[in-house]
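Undergrad: So that we are looking at the same thing, I have put the structure below in structure tokens.
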Amino acid sequence: MLVSIYRYNPDADEKPFMQDIQVQLPEDKDLMVLDVLALAKQQDPSVVYRRSCREGVCGSDGMNINGNNGLACITPMSSVVKPGGKLVLRPLPGLPVIRDLVVDMSIFYKQYEKIKPYLINDTAPPAIERLQSPEDREKLDGLYECILCACCSTNCPSFWWNPDKFIGPAGLLQAYRFLADTRDTGNVERLAGLDDPFSVFRCRGVMNCVAVCPKGLNPTRAIGHIRSMLIQQGT
Amino acid sequence: MVTNVTNLGRSGLYDWIVQRFSAIILAAYSLCILANFVMNPDMDYQTWSSIFEGNAMRFFSLVTLFALCAHAWIGMWTVSTDYMTSLQLGESATFLRIMFQAGCVLLVAIYLLWGIQIFWGN
């Protein structure tokens, strides 16, 4: 099988290029994209990419696989390449490339930092821990599972246009995770920080984030909830 | 919180609500005009101008004109801040964006004043 990989070494290359590597795949197995990438690296050890847990938990190997963002370690080859087709791997779009498939995620983390991703509670801490009813805990389902792989934000046109101003789907999903948490008392402060024309309102409901989230989460719905909370507070 | 001084209401929520309310007004006005065409299949200039003689229709037209101007400004401002950034245009982006926005403000103001003159002038 032909694997086409985006190559760019800023120290040596004038501009990025695609490198085709022929890889022999076992016939009886549906390998994950990460396994195929490892086989390609055996052919050319200079290929650079991030990986760690290889089971969709760490979020290190987010990349653009045949046009869609995803985690290489949990994307089966059969779901992205038709028989006889080619596997095309590029770095996550919209972020500066450090080398090959490795991108600089600083701006992504900066946006995440903006939403204050920690519990704000101005009441005195109880002796053991802040308790929560099972019903209130359920409100966090579909929110807390985000692994910050950046597949969603880097597939969002609004994040491409304004990565320094629009928080992006990943950050906003986490913003709602804390807004929805009954143990958090910082809602007024949190919402005040989001009520500008960019942070939340740059979301156009394109829903690319929902389409590509490897964990099956729905940032667009969370953004809708944040918008409703802003309306509730501001009208 | 991102500081911005060129959008309509200085708040994302305000702009978002104005955009949606103005869209409802524009849709209602379009339906009203369409209904007039349906009810007057032989529309001529006399019939057309008589529709706008009543104060109710002139007032509705004025409200729609304001809605159109607000809607257009929010839309054009958004387009300019999406596509006319330093990522796309480099260092000259801010100058080009402000010029584009100033041009839009001028056009919107001309359309508003011209519209008021058409509906309420002699």
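Undergrad: Looking at the stretch A:189-211 only, could you name the residues that are in a helix (DSSP H, G or I) and within 8 Å of B:G12 (Cβ to Cβ)?
TA: none
Undergrad: Report whether or not A:F166 is touching a residue at least 40 places away in the same chain (Cβ under 8 Å), out of contact with any Leu (no Cβ under 8 Å at 6 or more places or on another chain), farther than 18 Å from A:L143 by Cβ and assigned by TED's automatic domain parsing to the domain that holds A:R130.
TA: yes
Undergrad: Scan the stretch B:42-80 for residues that are small (G, A, S) and farther than 14 Å from B:A109 by Cα and jot them down. First the steps, then the outcome.
TA: Taking the stretch B:42-80 as the starting set, the residues that turn out to be small (G, A, S) are B:49-50, B:54, B:56, B:61, B:67, B:70, B:72, B:75, B:80.
Of everything in the stretch B:42-80, those that are small (G, A, S) and farther than 14 Å from B:A109 by Cα turn out to be B:S49, B:S50, B:G54, B:A56, B:S61, B:G75, B:S80.
Undergrad: Okay, moving on. Conditions: (1) part of a helix (DSSP H, G or I); (2) more than 22 Å from the chain's Cα centre (by Cα); (3) surrounded by 14 or more Cβ atoms within 10 Å (Cβ to Cβ). B:V2 meets all but one. Number of the miss?
TA: Failed condition: (1).
Undergrad: Here is a list: B:S86, B:S49, B:S22. Which entry is more than 21 Å from A:D196 (Cα to Cα) and small (G, A, S)?
TA: It is B:S49.
Undergrad: Here is a further query. Write out, first by first residue and then by second, each pair whose Cβ atoms fall under 6 Å of each other, whose residues are 6+ apart or on separate chains, and whose first residue, in the stretch A:184-197, is more than 9 Å from chain B (Cβ to nearest Cβ) while the second is in a loop (DSSP other than H, G, I, E, B).
TA: As it stands, the answer is A:D184/A:L119; A:D184/A:I120; A:T185/A:N121; A:T185/A:D122; A:G186/A:I120, since those pairs meet every condition given.
Undergrad: Let me ask something additional. Taking only the stretch B:50-105 into account, find how many residues are surrounded by 18 or more Cβ atoms within 10 Å (Cβ to Cβ) and not in a helix (DSSP H, G or I).
TA: Result for the stretch B:50-105: 2.
Undergrad: In addition: Using the structure shown, decide if A:N162 is within 14 Å of chain B (Cβ to nearest Cβ) and either surrounded by 19 or more Cβ atoms within 10 Å (Cβ to Cβ) or at pLDDT below 95 (or both).
TA: yes
Undergrad: A follow-up question, please. For residues in the stretch B:1-60 being of a type in the set (D, E, K, R) and over 23 Å from A:H225 (Cα atoms), which is nearest to the other protein chains (Cβ to nearest Cβ)? Spell out how you get there, then give the answer.
TA: Taking the stretch B:1-60 and keeping what is of a type in the set (D, E, K, R), we get B:10, B:15, B:20, B:42, B:44, B:53, B:58.
Next, from what is left, pick out any that are over 23 Å from A:H225 (Cα atoms): B:42, B:44, B:53, B:58.
On the way: B:D42: 43, B:D44: 43, B:E53: 37, B:R58: 30 Å.
In this case the residue turns out to be B:R58.
Undergrad: Inside the stretch A:165-177, can you point out the residues that are within 10 Å of the chain's Cα centre (by Cα), on the phi < 0 side of the Ramachandran plot and within 14 Å of chain B (Cβ to nearest Cβ)? Before you say what the answer is, go through the steps one by one.
TA: First pass over the stretch A:165-177, keeping only residues within 10 Å of the chain's Cα centre (by Cα): A:168-171.
Checking which are on the phi < 0 side of the Ramachandran plot leaves us with A:169-171.
The answer is A:G171, and nothing else.
Undergrad: Then there's this: Based on this model, can you work out whether A:R227 counts as buried (at least 17 other Cβ atoms within 10 Å of the Cβ) and at the interface with chain B (Cβ under 9 Å from one of its Cβ atoms)?
TA: yes
Undergrad: Determine, yes or no, whether A:Y6 is buried (at least 20 other Cβ atoms within 10 Å of the Cβ) and either β-branched (V, I, T) or assigned by TED's automatic domain parsing to the domain that holds A:V97 (or both). Please lay out each step first, then the result.
TA: Values: buried (at least 20 other Cβ atoms within 10 Å of the Cβ): no; either β-branched (V, I, T) or assigned by TED's automatic domain parsing to the domain that holds A:V97 (or both): yes.
Criteria not met by A:Y6.
Undergrad: Tell me which helices (runs of 4 or more DSSP H) are completely within the stretch A:23-141 and hold 2 or more residues being surrounded by 16 or more Cβ atoms within 10 Å (Cβ to Cβ) and not aromatic (F, W, Y), or say none if there are none.
TA: Once the helices (runs of 4 or more DSSP H) in the stretch A:23-141 are filtered for at least 2 residues that are surrounded by 16 or more Cβ atoms within 10 Å (Cβ to Cβ) and not aromatic (F, W, Y), what remains is A:33-43, A:77-80, A:106-114.
Undergrad: Scan the stretch B:111-120 and tell me whether some residue there is free of Cβ contacts under 8 Å to residues at least 12 places away in the same chain, assigned to a helix (DSSP H, G or I) and of a type in the set (G, A, S).
TA: no
Undergrad: What are the residues in the stretch A:99-141 that are touching a Lys or Arg at 6+ places or on another chain (Cβ under 8 Å) and closer than 22 Å to A:G70 by Cα, if any?
TA: A:D100, A:L101, A:V102
Undergrad: Further question on the same structure: Determine whether B:L89 is of a type in the set (A, V, I, L, M, F, W, C) and either out of contact with any Ser or Thr (no Cβ under 9 Å at 6 or more places or on another chain) or more than 12 Å from every other protein chain (Cβ to nearest Cβ) (or both).
TA: Here the answer is yes, as B:L89 does meet what is asked.
The values are calculated or read from the model by the stated rules, or taken from the named source; none is laboratory data. If you're wondering where the values come from, they're calculated on a predicted model, not measured in any experiment. Reconstructed Cβ throughout: ideal geometry from the backbone, glycine too, with neighbour counts over all protein chains shown.
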